[in-house]
1. Take the alpha carbon atoms of the stretch B:196-275, find their center, do the same for the stretch A:191-245, and report the distance between the two centers in whole angstrom.
2. Averaged over peptide A:19-26, how many Cβ atoms belonging to another chain are found within 10 Å of each residue's Cβ?
3. Taking the mean number of other Cβ atoms within 10 Å as a proxy for protection, how do you rank B:28-34, B:273-279, B:249-255 from highest to lowest?
4. So for the pair residue B:325, residue B:283, with labels modelled 7 Å out along Cα→Cβ, what separation do we get in nm?
5. Mind checking B:105-116 for the average number of partner chain beta-carbons within 10 Å of each residue's beta-carbon?
6. Could you sort A:139-147, A:208-216 so that the peptide with the highest average Cβ count within 10 Å comes first and the rest follow in order?
7. Please give the calculated 222 nm ellipticity per residue for chain A, where each DSSP H segment of at least 4 residues contributes -39500 (n - 2.57) and the sum is spread over every residue; nearest 500 deg cm²/dmol?
8. For peptide A:4-11, how many partner chain Cβ atoms fall within 10 Å of a residue's Cβ, on average?
């Protein structure tokens, strides 16, 4: 009997692991399955696991919905623009905190770490007034521009830790050869921290793509809506029967980029989260 | 300014980049000038310039987007400033704070809801996270695939689209979750009693918490009077104020992947020798977990507790997507940040909203500081 124990143990473990995986990914399965159903099937009192006759009607409908397509473009556009500025500024600030000795560095670094305790939401009210004053309500500016000022203390910290591990001799020999800080930063240090940069880029992407609160506050008109804001309006609160297949199709198309990015970058993310204990 | 919104923001981004670079030069130049006046070496001058030049984006941003807004919002929190009114704001002293702390029903509801999520939701979430972490820590083949599947909900968690899918699944009548519960209850009698027992206990606790909020315990009496739930009862996830918080907890448990990774890091840090020594002494797997692994995991439990508590103050998207259209039940699940949003942007009362922001800020600061102070006391570090 004892001989079989390891075998039984591993069977039990795999059953538990598989069961947990099924539970955790069930919403995704249900989303895809529902997007292929008819409205009658999604609202029926019986369980329809997989539609008998899968229909792509909802997909055709959503690809003809110009509001949805525009909000998709808006999301891609704003995320790209915001990410470019945020990544570059974070990389610059992390360089200052890790590779240069300058008076006041420790104080500024401490200040930056303490801003991690300030929740972003505590600042939304005064920021709203500020953006209102300079007439930025109803534009993309409030959700793009703040990132350009190295938004995200936790990410600066993560990148700083990675940069601090690069041997000092590397840039010193470059300086002897007459290189400037800009060159060392761009050509020597950044190529060596590609993995942490990828992690940060992924977190940034996920955060921006999922962001609902600030676009909801600032984007006022349907022309500017990003995906999360637009998709939330697909659930029509004045109707009793919801167009679930359409909503779930929009949901599939909204989550697809997240899943693709996660699969590409998961190796970096999961390792760095385990190492640094950073919450994503 | 051109009318095209895309061109508009792209130009603004370009302008911002130029502005930041110019400010960086300026800041670096001033710093170098000061160092030169004090007689620093050329190398030191150069490093000072470079340091301030590279750090400038954050320093400028800190002033524009953190320090100045905090200062203004503190000033406004002492007035009745409102964007909508034309009149200049009136000084009110600490009146806003007094109202929030002692007279505001919505704020009290949000505190009690956070308490409910902390007392009932967080233990469930952490238990799920710890269970998955221990499973993964067995180092089976394919561990990485499972780890990925367990973490994916964290990435998707608060996307509106995914939350809408939950809304579909949580529908009390036709939703898949209740359909499965009905099917299982019909098939297995033990499951049916388990389900009814769960409904009973959950409704009593939730009714008690709602009673704490309103000061009236009619709902609790109703639940107790109705007695043990009938055999065809199912949870009323998004329909009843008794169940709204439980739905949020369900979402929390689903998104336990982040906590799981923290626990996994903790399990990886436990020295192998400890388990080997215990095995020699004849300890069972169960004993090894509770006597060795769990005590060593307490710092991670504590970390997750604090992070989870702060996160539950900030829940916004699930409430917006699941309950926005059902105003009567929103207050049964409202979080502090949702309340801040609702209060500030329905009437644009900036003064009151600023005071609320400061209260949230101070609560989070206190929680974080308590974490720093307490973690040395009742957390086991010494074995490392």
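1. Centre-to-centre (Cα) distance: 28 Å.
2. 6
3. In decreasing order of mean packing, B:28-34, B:273-279, B:249-255 become B:249-255, B:28-34, B:273-279.
4. Reported label-point gap for residue B:325 and residue B:283 is 5.5 nm.
5. Mean shielding count: 0.
6. A:139-147, A:208-216
7. That comes out to -21500 deg cm²/dmol.
8. Per residue, the number of nearby Cβ atoms from other chains is 1 on average.
Every number here is computed from the coordinates shown, using simple stated rules; none is lab data. Computed from a predicted structure; not experimentally measured. Don't worry about glycine lacking a Cβ; one is built from the backbone with ideal geometry, like all the others, and counts go over all protein chains shown.
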